[in-house]
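Here the structure comes first, spelled out in structure tokens, and everything after it is commentary.
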Amino acid sequence: MVTTAISPAPGEQEPEAKIGAMGRVTGVLFSPGETFKDIARKPSWIAPIAILTILSLILCYFLVQKVDWASFQRKQIESSSFTSNLTAEQKEQAIARNVKFTVPITWAIGAIGSLLTALLLTLIYWAAFNIFKGAGLKFGTAFAVTSYALMPAAVGAVLTIIIVALKRAGEVDPQRLAATSLSFFLGPDAPKWQVTLGSSLDLIWFWTLAMLAIGYAAANPRKITTGSAYSVVIGMWLLWVLVKVGFAAAF
């Protein structure tokens, strides 16, 4: 896979963004086609990652306050095949140990989760479009497209923060935060593979997939048509869902 960066000719200025950072944040939600063209012309990523990180940290604050972590960990351990042979005392020790690390891990996910998610998705789709479509995308352009394509998650985060903030302590299930996915409507005793599949069938994530397809098509329309962009984006997502559901069913 070879990607080449084209330097401006002598006397030629670098391309300038026609839309500001905050205009891009709202633009990808309401007029994604033109906004992603501008992002591809002058890539940037700080604004969406900063917004997503701030919202994630706010959500983490409420989760730490509202979730009964001991009860949650007990449910996880009792439903896991890996811990089915533990004695009652060993299970209690495991619950106490997990609760001790849950809060700092939650804060760590809030602090770096958005950045890591954007990087991982960028690596997957940057490689996929360059390999399968010969798009010749630069990593910086792909990272900018992916970062702004995640902005539907900001909408989901705001809705989730409101829902969690209005609930009383102990009423929040971290696996069923908002009614945007099928897993929210599954019973508490639903098999793990069903919960995993249901969490993948999420309205916010479908919106994000559409943003990814529109964004990558705008990044190089000569090589990536809208239809082929959707096929690559959805194809890689289906592969990931199959792996997740298969692992949950097996273990």
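The values are calculated or read from the model by the stated rules, or taken from the named source; none is laboratory data. It should be emphasised that the depicted structure is a prediction, and the values quoted were computed from it without experimental measurement. Methodologically, a virtual Cβ is constructed for each residue, glycine included, from the backbone with ideal geometry; neighbour enumeration extends over all protein chains shown. Keep in mind that these areas ignore ligands, DNA and RNA; they rest on the heavy atoms of the full protein, side chains included. Shrake-Rupley method; radii C 1.70, N 1.55, O 1.52, S 1.80 Å.
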Exercise for review: Taking A111 as meeting all but one of (1) surrounded by 17 or more Cβ atoms within 10 Å (Cβ to Cβ); (2) modelled with pLDDT of 95 or more; (3) small (G, A, S), write down the number of the exception.
Suggested key: (1)
Check your understanding: Just a yes or no: is a residue in segment 166-180 β-branched (V, I, T) and in a helix (DSSP H, G or I)?
Key -> no
Revision key, fill the gap. For segment 10-29, the count of residues that are open to solvent by 100 Å² or more (accessible area, probe 1.4 Å) and either modelled with pLDDT of 65 or more or within 21 Å of A153 (Cα to Cα) (or both) equals 3
Practice item. With the condition kept exactly as written, say whether any residue in segment 68-90 is open to solvent by 30 Å² or more (accessible area, probe 1.4 Å), modelled with pLDDT under 90 and of a type in the set (V, I, T). Key: yes
Study note, to complete from the structure: Picked from segment 156-208 (must be among the small types (G, A, S) and touching a residue at least 40 places away in the same chain (Cβ under 8 Å)), the residue most open to solvent (accessible area, probe 1.4 Å) is A169
Practice item. Inspect all residues belonging to segment 57-80 and state whether any of them is within 16 Å of the chain's Cα centre (by Cα) and aliphatic (A, V, I, L, M). Key: yes
Check your understanding: Which residue out of A219, A229 is touching a Ser or Thr at 6+ places or on another chain (Cβ under 8 Å), open to solvent by less than 80 Å² (accessible area, probe 1.4 Å) and either under 29 Å from A142 (Cβ atoms) or not hydrophobic (A, V, I, L, M, F, W, C) (or both)?
Key -> A219
